[in-house]
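S.K.: Can you read through this structure? Questions will come right after.
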There are 2 protein chains.
Amino acid sequence: MKDIPYKTYLTEDELPGAWYNMRADMKVKPAPLLNPATMKPVTADELERVFCRELVRQELDDSSQFIPIPDEVLRFYRMFRPSPLVRAYFLEKALGTPAKIYYKFEGNNTSGSHKLNSAVAQAYYAKAQGLKGVTTETGAGQWGTALSMACAFFGLDCQVFMVKCSYEQKPFRREVMRTYGADVTPSPSMKTAVGRAINAAHPGTTGSLGCAISEAVEAATSQEGYRYVLGSVLAQVLLHQSIIGLESHAAFRKLGERPDVIIGCAGGGSNLGGLIAPFMGEKLRGEADYRIIAVEPASCPSFTRGRYAYDFCDTGRVCPLQKMYTLGHDFIPSASHAGGLRYHGMSATLSELYSQGLMEARAVEQTSVFAAAQQFARVEGILPAPESSHAIRAAIDEALRCKEEGRSETILFGLTGTGYFDMVAYQKFNDGSMCDYIPTDGELEQSFAKLPPQP
Amino acid sequence: MKDIPYKTYLTEDELPGAWYNMRADMKVKPAPLLNPATMKPVTADELERVFCRELVRQELDDSSQFIPIPDEVLRFYRMFRPSPLVRAYFLEKALGTPAKIYYKFEGNNTSGSHKLNSAVAQAYYAKAQGLKGVTTETGAGQWGTALSMACAFFGLDCQVFMVKCSYEQKPFRREVMRTYGADVTPSPSMKTAVGRAINAAHPGTTGSLGCAISEAVEAATSQEGYRYVLGSVLAQVLLHQSIIGLESHAAFRKLGERPDVIIGCAGGGSNLGGLIAPFMGEKLRGEADYRIIAVEPASCPSFTRGRYAYDFCDTGRVCPLQKMYTLGHDFIPSASHAGGLRYHGMSATLSELYSQGLMEARAVEQTSVFAAAQQFARVEGILPAPESSHAIRAAIDEALRCKEEGRSETILFGLTGTGYFDMVAYQKFNDGSMCDYIPTDGELEQSFAKLPPQP
């Protein structure tokens, strides 16, 4: 049986040897991070108190086009990469579309998502710096799982502050992290001053991502030999995630094809920024054109309804100010089931690209997202994560547009991960009891009012 | 960075086009299934009342060496196969062994295990026969999940009787099946006569696999256009699972290597029989020799402590008698966490091969299995299923033997699946509250006393 392959794999020798830094090809660079006390750009010295040295260098480097991937990281990548570029033949058939649909699948590793691409890099640099361990926060649990795996591999201590309601509602995520030797603490905890203060002020609180970030930063800066690491939003994370796009780009070249439309879900932007990187690079250099679409939840619509302004990256206001599309650092999105997309802001790099009109964005409601997830699962045999399913929704909608217009465009979307730990959400969908929630203009205005004074 | 690859993939065009039937190369064939009423070999007609026509043909065919894989099944296989043959470099390094360790990984599909290989074949033949749907039972839930996926794909109704305690303890497995459109009923139910009788006799019972089988068979035979399907034990299932071994064999040839030791976990035998098939074929034909090791739980030791005798395949005694290594159809193994290995008997084909001394068997305790699982997860980046981890335990033990003896043997083991739905077990291990249980000789004697009269 000869056929165009369903899955295109690069060989391990074809794994890209360097990450691609989109910022190098941007004429207008992302605005610098600001120190909220001085309103001046943060310095490397200031950042190194919190982050690993090499990662700070990468964070501030907006001119190197490529940054070599260390051999130790490449070896780890080879355990689960290259990831497949899959032709969704059965989905195409189910939709009756003339479009060709491809997806880059990042879920074939135990962390279940693309987060491992950056976790292993960050753990490696922490180890290379001679640190004892790292601290982080996790909400949905994907980042915490990936970091636990990476730390187990490099023999680093891993302290995870997990939002208390997730800790209690997702005990299995917690156990995966523990199996990898991580120390998982429900946040707010009594381990940090900020945690104790929040517990005193709000007895019985089930926590928030902002609070967990504050605790993780305090834990890193108050222990000798520790630094704080973050799984999205930062430029360094998009850099590491460029491996997704570089592999996709090479696989398309191998197939003799090219995508017309590239679609990714967007929370903090780590997956989207990684998937589109080399394609956006061609666009920035005027070598090729692509339609690029960011898909976000209607419940947390930072691109489509946010302000492009300087804001805090965390609710606790311990992090620098970043210029980005934001709903306001006090914005609490409704309890959607795509925990990985419930962030009030967006990567500064993607924000600048979006403001320049180099990409589109759309917001989708979660019931329509789960309908797409179920349709995809039944024909393509993969149970997608709710986050990833935002991209599936848009890919299906684009394929149906192609059908209507009689165009055989080539669509690429990022399938960031699997939904094994999201069955409570699927159950609600299966039972017909899932709701949608869209913030009112009034709610957003209230939140925008709390934006810090702009420089 | 050039290196021997971590993962060896065949191309999709190199996917085997036919399943291999070990029985064709056996001089002494597995003993025939018997009708318990007549004690005569069951006929195709008798079996076709319960099973699909083509599957009955495969079940009774012990002479065709190869059976072509239908194109529709091959197309489905291409969504998730070939599966990778992985070199466990990091495990080797952690053990300091001169042995080369390879594993064939079957967990990269949503069903999370090798069960999908047979589920898609069985669903295809049911559809080709013009049936409306199929019924089955599931304990741990892997088979039920795989069958739900296959039925969704072919548009067949899928009725799963899930052992009530699993239904309640593993709600997420149940939701995966529902997401694929399956109808999942806790067993014993009030839907069947046998279920109602059991509920009346044992109010509040949480069910057993034997009871669920009886309900599924009754549901199949009492509905027009339905048949019953089973995910292990039967010769047809081993046939479909031979794809695992055929791919492994071809990948080794591609690498210019060959395994010395082949290790698989054994419950009903579907994975083990599939993994070893072409290697055992060479052994049966006198073309090559391999050490082949079956690994079973010490709590359910059918090979190592069972009797080779005719016994019922189910507790409810509705199935034919099969000659196999058995602990007795009334044997209830302790509540181990490897639900997929809690079967009282063993494939008739493997039983005959074992009785001829063509393979070894060993029993391992679950705490040592989870220690191996954790060690593997931390260096190889895959969270293994408890069932699969039985093979990991033996592979590590063999690699340590090689270290002691200074031998660089090549070890292949089957990594049948992932442990995402087994975190309760991992939690017990992480908490240090996991126990081992080994049946006493007295318990086994009691169970053997209930074996049916032998022909």
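Coordinate-derived values only; no laboratory data. Every value quoted in this text rests on a predicted model; they were computed, and no experiment measured them. Backbone-built Cβ (ideal geometry, glycine too); neighbour counts: all protein chains shown.
S.K.: Could you line up B:Cys265, B:Cys313, B:Cys435 from fewest to most neighbouring Cβ atoms inside 10 Å?
M.R.: Details: B:Cys265 32, B:Cys313 25, B:Cys435 12.
Starting with the residue having the fewest Cβ neighbours, the order is B:Cys435, B:Cys313, B:Cys265.
S.K.: Given H placed on each backbone N at 1.01 Å, which residues far from B:Glu137 in sequence or on other chains put an amide H within less than 5 Å of it?
M.R.: HN-HN under 5 Å from B:Glu137: B:Phe161.
S.K.: How large is the Rg to Rh ratio of the stretch B:364-422 when both quantities use alpha carbon positions and Rh follows Kirkwood? Before the final figure, lay out each step's value.
M.R.: Numbers: Rg = 11.6 Å, Rh = 11.7 Å.
Value, to two decimals: 0.99.
S.K.: Search the structure for amide H atoms under 5 Å from the amide H of A:Tyr310, placed 1.01 Å from N in the peptide plane, and list their residues when 5 or more places away or on another chain.
M.R.: Amide H neighbours of A:Tyr310: A:Met324.
S.K.: Then there's this: For the stretch B:293-394, take every pair of Cα atoms, bin their distances at 10 Å starting from 0, and report each bin as a whole percent.
M.R.: 16, 42, 30, 11, 1
S.K.: Taking a point 7 Å out from Cα toward Cβ as the label site, list the nm distances between A:Glu224 and the same residue in every other copy, smallest first.
M.R.: When each copy's label point is compared with this one, the spacings are 8.2 nm.
S.K.: Rg and Dmax of chain A, using alpha carbons, in Å: what are they?
M.R.: 20.6, 67
S.K.: Given the alpha-carbon gyration tensor of the protein assembly as shown, what are the semi-axes of its equivalent ellipsoid in whole angstrom, ordered largest first, with each equal to the square root of 5 times an eigenvalue? Each step should come with its number before you reach the end.
M.R.: Numbers: eigenvalues 462, 157, 149 Å².
Semi-axes (√(5λ), whole Å): 48, 28, 27.
S.K.: In deg cm²/dmol and to the nearest 500, what is the mean residue ellipticity at 222 nm of chain B if only DSSP H runs of at least 4 residues count, each as -39500 (n - 2.57), divided by the residue total?
M.R.: -12500 deg cm²/dmol
S.K.: Using only Cα atoms, find the angle between the long axis of helix B:386-405 and the longest principal axis of chain B, and express it within 0 to 90 degrees, rounded to the nearest 10.
M.R.: Helix B:386-405 sits at roughly 30 degrees to that axis.
S.K.: When you take every Cα atom in the stretch A:28-133, what is the radius of gyration, and what is Dmax, the widest Cα pair distance, in Å?
M.R.: 19.5, 58
S.K.: Shape call for the stretch B:117-196 from the C-alpha gyration tensor, a ≥ b ≥ c root eigenvalues: rounded (a/c under 1.5), prolate (a/b greater than b/c) or oblate?
M.R.: oblate
S.K.: Compute the FRET efficiency between B:Lys29 and A:Glu443 as 1/(1 + (r/R0)^6), taking r as their Cβ-Cβ distance and R0 = 51 Å, and round to the nearest 0.05.
M.R.: Working: r = 73 Å, r/R0 = 1.43.
For R0 = 51 Å, the calculated efficiency reads 0.10.
S.K.: Run the Debye formula on the Cα coordinates of the stretch B:335-381, all scatterers equal and no solvent, and tell me log10 I(q)/I(0) at q = 0.19 1/Å.
M.R.: Log-scaled intensity ratios, in q order: -0.82.
S.K.: Could you list B:His390, A:His202 in order of exposure, starting from the residue whose Cβ has the fewest other Cβ atoms within 10 Å? Write out the running numbers ahead of the final one.
M.R.: On the way: B:His390 34, A:His202 12.
Placing the least packed residue first, the sequence is A:His202, B:His390.
S.K.: Tilt of helix B:366-380 relative to the longest C-alpha principal axis of chain B, in degrees (0 to 90, nearest 10)?
M.R.: That helix lies at roughly 50 degrees to the long axis.
S.K.: If r is the Cβ-Cβ distance from A:Arg53 to B:Asp13 and R0 is 35 Å, what FRET efficiency results, to the nearest 0.05? Intermediate values should be presented prior to the final figure.
M.R.: On the way: r = 48 Å, r/R0 = 1.37.
It comes to 0.15.
S.K.: Starting with the fewest neighbours, write out A:Arg393, B:Arg401 ranked by other beta-carbon atoms found within 10 Å of each beta-carbon. Can you show the working numbers first?
M.R.: Working: A:Arg393 26, B:Arg401 15.
With the sparsest Cβ surroundings first, the list reads B:Arg401, A:Arg393.
S.K.: I would also like to ask the following. If you average the alpha carbon positions of the stretch A:112-128 and of the stretch A:46-87, how far apart do those two centres end up, in angstrom?
M.R.: Measuring centre to centre over Cα atoms gives 8 Å.
S.K.: Something else now. Over 18 Å between Cα atoms: which of A:Lys104/A:Lys254; A:Lys254/A:Lys283; A:Lys7/A:Lys100; A:Lys170/B:Lys115 fall into that group? If you can, show how the numbers build up before the last one.
M.R.: Values: A:Lys104/A:Lys254 14 Å; A:Lys254/A:Lys283 20 Å; A:Lys7/A:Lys100 14 Å; A:Lys170/B:Lys115 27 Å.
Those over the limit are A:Lys254/A:Lys283; A:Lys170/B:Lys115.
S.K.: What are the semi-axes of the equivalent ellipsoid for the stretch B:342-455, taken as the square roots of 5 times the Cα gyration tensor eigenvalues, largest first, in whole Å? If you can, show how the numbers build up before the last one.
M.R.: On the way: eigenvalues 162, 92, 38 Å².
Each semi-axis is the square root of five times an eigenvalue, giving 28, 21, 14 Å.
S.K.: Moving on to the next point. Normalised by the number of residues in chain A, what is the relative contact order in percent for Cα pairs under 8 Å and 6+ residues apart?
M.R.: On the way: 948 pairs, mean separation 87.6, N = 455.
This gives 19 percent for chain A.
S.K.: Can I ask one more? Just the ratio, please: alpha-carbon radius of gyration of the stretch A:229-306 over 2.2 N^0.38 Å, N its number of residues.
M.R.: Values: Rg = 13.2 Å, N = 78, 2.2 N^0.38 = 11.5 Å.
It is 1.14.
S.K.: OK, next. How many angstrom separate the Cα center of the stretch B:280-295 from the Cα center of the stretch B:161-218?
M.R.: The stretch B:280-295 and the stretch B:161-218 have Cα centres separated by 39 Å.
S.K.: Further question: In vacuum, with every alpha carbon of the stretch B:399-455 counted as one equal point scatterer, what does the Debye formula give for log10 I(q)/I(0) at q = 0.12, 0.17, 0.27 Å⁻¹? Two decimals, please.
M.R.: -0.76, -0.93, -1.01
S.K.: So which lysines pass the test for A:Lys164, namely a Cα distance under 17 Å, with those fewer than 8 places away in the same chain ruled out?
M.R.: Excluding near neighbours in sequence, the set is A:Lys191.
S.K.: I'd like the per residue volume of the convex hull spanned by the Cα atoms of the stretch B:1-78, given in cubic angstrom.
M.R.: Details: hull volume 12.4 nm³, N = 78.
Per-residue hull volume (Cα only) is 159 Å³.
S.K.: Okay, moving on. For helix B:71-80, what angle does its Cα long axis make with the longest principal axis of chain B, in degrees from 0 to 90 and rounded to 10?
M.R.: So the inclination is approximately 50 degrees.
S.K.: I would also like to ask the following. Would you mind computing Rg(Cα) / (2.2 N^0.38 Å) for the stretch B:117-260, counting N as its residues? Can you show the working numbers first?
M.R.: Values: Rg = 17.1 Å, N = 144, 2.2 N^0.38 = 14.5 Å.
Scaled against compact globular proteins, the figure is 1.18.
S.K.: Once the label point is set 7 Å along the Cα-to-beta-carbon vector, what list of distances in nm do you get between A:Met39 and its counterparts in the other copies?
M.R.: 9.8
S.K.: Turning to a different aspect of this structure: Return the equivalent ellipsoid semi-axes of the stretch B:173-228 as a descending list in whole Å, where each equals the square root of 5 times an eigenvalue of the C-alpha gyration tensor.
M.R.: Numbers: eigenvalues 78, 51, 14 Å².
Semi-axes, largest first: 20, 16, 8 Å.
S.K.: Continuing with the same structure: Distance in nm between label sites at B:Ala128 and A:Ser334, each 7 Å beyond Cα in the beta-carbon direction?
M.R.: 4.9
S.K.: Quick one: if you stick a label point 7 Å off each Cα along the C-beta vector at B:Asp183 and B:Glu287, how many nm between them?
M.R.: For the pair B:Asp183/B:Glu287, the computed spacing is 4.7 nm.
S.K.: Which distances, in nm and shortest first, link the B:Pro171 label point to the same label point in every other copy, taking 7 Å along Cα→Cβ?
M.R.: Distances between equivalent label points, in nm: 1.2.
S.K.: According to a simple spin-label model (label point 7 Å from Cα along Cα-to-Cβ), what is the distance in nm between A:Gln65 and B:Asp62?
M.R.: Modelled inter-label distance: 6.8 nm.
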